Each structure stands twice: as C-alpha cells, then as structure tokens.
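Encoded as structure tokens, the structure appears first; notes follow it.
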Amino acid sequence: MNRRKAIALAWVLVLTLFTTACSFVEEETGQREENDYQKIELVMAVNGTDNQIDARVADYFAQLVEERSGGNVTVAVFPNDQLAGGNASRGIEMIASGSVDLAAYATCTLAVVDSQLPVATIPWSFTDYADAREVIDTTGGEYYAQRLAEKNMTYLGSFHNGFRQITNSQHKIHTPEDMENLKIRVPGSVVYMGFFRALGADPTSMNWSEVFTAIQQGTIDGQENGVSITASSKMQEVQDYITMWNYSYENDLFVANTTVWETLEEKTRQLLQSCATEACEWGRDTLEKEEQELLKEFEMDGMVISYLSEEELNVFKAAIADWRSEIMAEFGEEACEAFGITDFDLTE
C-alpha cells in the first residue's frame, strides 16, 4: 500500500509539473501572439515645431504604436522638416519617393505634388469643425485617398490645422473696407493670395520664420493663421487685433509612402492605421479645446477679439463671390462636389 501511494504521489507530482509547464507555455505563447509584430523602426516627418499640432499628433501616434506593438514597431518623429533641411517641399518629395516612411502635411503644402488637394481651403467651405469632420471622414477623405494614391502616398487620416483667422496691428476688422491696403502675410497659395486681393488687401508671401520680425519692424501689418499657431508664435505680443471669421479651413493629411506601406505585414498595417485614426481624432479634439483656452489668454494679454456676426460675414462673402466662383471652377466639379462646396446663397 505504501508503495502504491508513493507511485500515485509521484504521478500527481509529474502531472502537476506538466500542467504548470503547459500553462506557462500557453501564457508565453499567448503573449508572443499578442505582440507578434515585425521588428521595425519607421521614420515620420512633419513640418511644425515641437509644440504645434502636427508634431504633437505624430508624437502621440508614435507612443500608441510602440505601446500596442510591445515595442516591436517604433516611429522616430522628426519635426521642423529636419530631414529636408527645413524645406517642406523637399519633405513632401521625400515621402513620395520613400526616403521617409510616414508624414503629415497641410493640404496647401501638399499642393506641390497635387494642386487639387487644397480644395477645402476655398473660403467658407465649412461652417464649423463638426461640419469639416463629417465631410472629410466621408466623401472628402475618399477624394484625398484617390489623389494621393496617384502620387505613391497612402492616406491614413486627417486632423485639424485649424480655421484661419486674421490678426493685425492697425485696427478692428468688421467690413471689407477695413481690409483695404492692409499688408498681410499669407502662405504662397493661389486660394489665400486671391482671397485677400479680392478684398482689397495687399497679401505677401514670406517664410513663417520671418513674420514676427516683419510685424515688429512694420514691414507688414498682420498675418492670418489658426489660433493655435498664432499663439505658439506669440503673435499676441506684436498684434493688437484678431478677427474670428473662420474664413478658411486647413487640415493636415496623415500619409504613408505606398511602396513602404505595402511591404509591411498586414498586422502591422492594421496597427498603424488604427493608431493613425486615433491620433488624428485626438489631434482634432485637442485643437478644438485649446483654441477656446488660447482665446481667453489673448484677451488677458490685451488683444482685441472681434467675432463677426452672420450679417457681417455675408458682406464679406458677397465681396468675394465672383472670385470664389472662379476658383471653384479651377478646382473643378469633382473636387468641389467631394467637399460639398457650392456657390454662396446670400438671398436669406
């Protein structure tokens, strides 16, 4: 009996050890399966500085990717177009050629590879951020994807660069007459240049790095940009007035080089797409929330904020209606239809 008990006890011990070992292997196997991503480091380029929304979205994306891949997939983010020597046009060439794997650029900057991409910057295409989100996440995004695919870029998402406002050091702006002869720095875009000329202003294109000094020296009277960039560039220190008119919506497109994208394993692509979508939504939410906080800071700094009424906006819209119809024709019916852009109805 003692011998049988000893043998039984030995078998119990063996089975216990075997079961424990199997459980350990299953746990380890499960962990490996969960984190079974290819080991790879990707490079992502953005144009903005560390504290601007494109760099912050890229950093958030990189954090999500590393966490969810168990450290197997990492993304090295380079702000300020460091890899392109600060030249955004060169940076876009690098993402198209595959010298860079991932990137985020404003549509007006991406115009260097496709002049149709900034179509949504046509003045007063959207009423608010909710409207922009809805359109871009449906027909607008499909249009971006189609156009970018022709340039060897895969569209992964879009996030706000912001509605563009105008600041100046001369006076409040409430009517088109207030725009007469104001020297305003604008990006070198046919949309922005044409818009300000149609209002009688004197638009000029210059490097963003030169704008603060140019305003200080009186070379120009003001600039137009989103609230976030206006604040991060400390324009409130040299500009007394800001007009909130949401005249143009600008967004950044999150893209991957298509050749690189297609070499990645399917599981890795799914991870990157999921993280890009989440990062874009985070960027949108963050910018919308921070704009309201920044406007309060502007007021505390003594900046005069003018919020235009619907009636005042309609006067501006009437003043540019003919030019806007012309620019819509240049972009074409397909592009405008994708973003629901139509001629103004000013009869109400």
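The values are calculated or read from the model by the stated rules, or taken from the named source; none is laboratory data. Given the structure is predicted, the values throughout are model-derived calculations rather than measurements. Here the Cβ is made from the backbone with ideal geometry for all residues, glycine too, and neighbour counts use every protein chain on show.
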- [ ] Of the numbered conditions (1) crowded, with 18+ Cβ neighbours inside 10 Å; (2) within 20 Å of the chain's Cα centre (by Cα), I242 fails exactly one; give the number of that condition.
- [x] (2)
Open item on the list: Just the residues that are without any contact (Cβ under 8 Å) to a residue 60 or more places away in the chain and under 25 Å from A58 (Cα atoms), please, taken from the range 222-257.
Closed with: S233, K234
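Okay, residues lined up against (1) aromatic (F, W, Y); (2) within 19 Å of the chain's Cα centre (by Cα); (3) farther than 20 Å from S89 by Cα; (4) surrounded by 16 or more Cβ atoms within 10 Å (Cβ to Cβ):
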position: Y105; (1), (2), (3), (4): yes, yes, no, yes
position: T109; (1), (2), (3), (4): no, yes, no, yes
position: S115; (1), (2), (3), (4): no, yes, no, no
position: S125; (1), (2), (3), (4): no, yes, yes, yes
position: Y144; (1), (2), (3), (4): yes, yes, no, yes
position: R164; (1), (2), (3), (4): no, yes, yes, yes
position: T167; (1), (2), (3), (4): no, no, yes, yes
TODO: Output the number of residues of the range 125-142 satisfying the condition of being out of contact with any helix residue (DSSP H, G or I) (no Cβ under 6 Å at 6 or more places or on another chain) and part of a loop (DSSP other than H, G, I, E, B).
DONE: 3
- [ ] Six or more apart or on different chains, Cβ under 7 Å: which pairs go from a residue in the range 325-348 that's surrounded by 11 or more Cβ atoms within 10 Å (Cβ to Cβ) to one that's assigned to a helix (DSSP H, G or I) and among the aromatic types (F, W, Y)? Could you list them?
- [x] A335/Y143; A338/Y143
Open item on the list: So, in the range 169-190, exactly how many residues are hydroxyl-bearing (S, T, Y), modelled with pLDDT of 95 or more and crowded, with 16+ Cβ neighbours inside 10 Å?
Closed with: 1
TODO: From the list E288, E333, pick out the single residue that is under 24 Å from T121 (Cα atoms), among the charged types (D, E, K, R) and within 22 Å of the chain's Cα centre (by Cα).
DONE: E288
Open item on the list: I'd like to know if the range 245-267 contains one or more residues that are surrounded by fewer than 20 Cβ atoms within 10 Å (Cβ to Cβ), hydrophobic (A, V, I, L, M, F, W, C) and more than 30 Å from T74 (Cα to Cα).
Closed with: no
Open item on the list: What are the pairs with Cβ atoms under 7 angstrom where one residue, in the range 283-300, is in contact (Cβ under 8 Å) with a residue 12 or more places away in the chain and over 20 Å from D252 (Cα atoms) and the other, located anywhere, is part of a helix (DSSP H, G or I) and of a type in the set (V, I, T)? Sequence gap at least six, or different chains.
Closed with: L294/V227; L295/V227
Task: Index of the failed condition, T167 passing every other in (1) hydroxyl-bearing (S, T, Y); (2) touching a strand residue (DSSP E or B) at 6+ places or on another chain (Cβ under 9 Å); (3) part of a helix (DSSP H, G or I) - done: (3)
TODO: May I ask you to list pairs of residues, at least six apart or on different chains, whose Cβ atoms are under 9 Å apart, with the first in the range 124-147 being on the phi > 0 side of the Ramachandran plot and among the hydroxyl-bearing types (S, T, Y) and the second being assigned to a helix (DSSP H, G or I) and modelled with pLDDT under 95?
DONE: none
Open item on the list: Just to be sure I understand the filter: pairs with C-beta atoms under 6 Å, separated by 6 or more residues or on different chains, first member in the range 89-111 and on the phi < 0 side of the Ramachandran plot, second member of a type in the set (K, R) and not in a helix (DSSP H, G or I). Which pairs pass?
Closed with: A96/K151
TODO: Check T109, T49 and return the single one that is more than 24 Å from E262 (Cα to Cα), polar (S, T, N, Q) and in a helix (DSSP H, G or I).
DONE: T109
- [ ] Within the range 185-236, count every residue that is more than 21 Å from the chain's Cα centre (by Cα), polar (S, T, N, Q) and part of a helix (DSSP H, G or I).
- [x] 3
TODO: Select from the range 65-87 the residues that are within 17 Å of the chain's Cα centre (by Cα) and either surrounded by fewer than 19 Cβ atoms within 10 Å (Cβ to Cβ) or among the charged types (D, E, K, R) (or both) and list them in ascending order.
DONE: F78, N80, D81
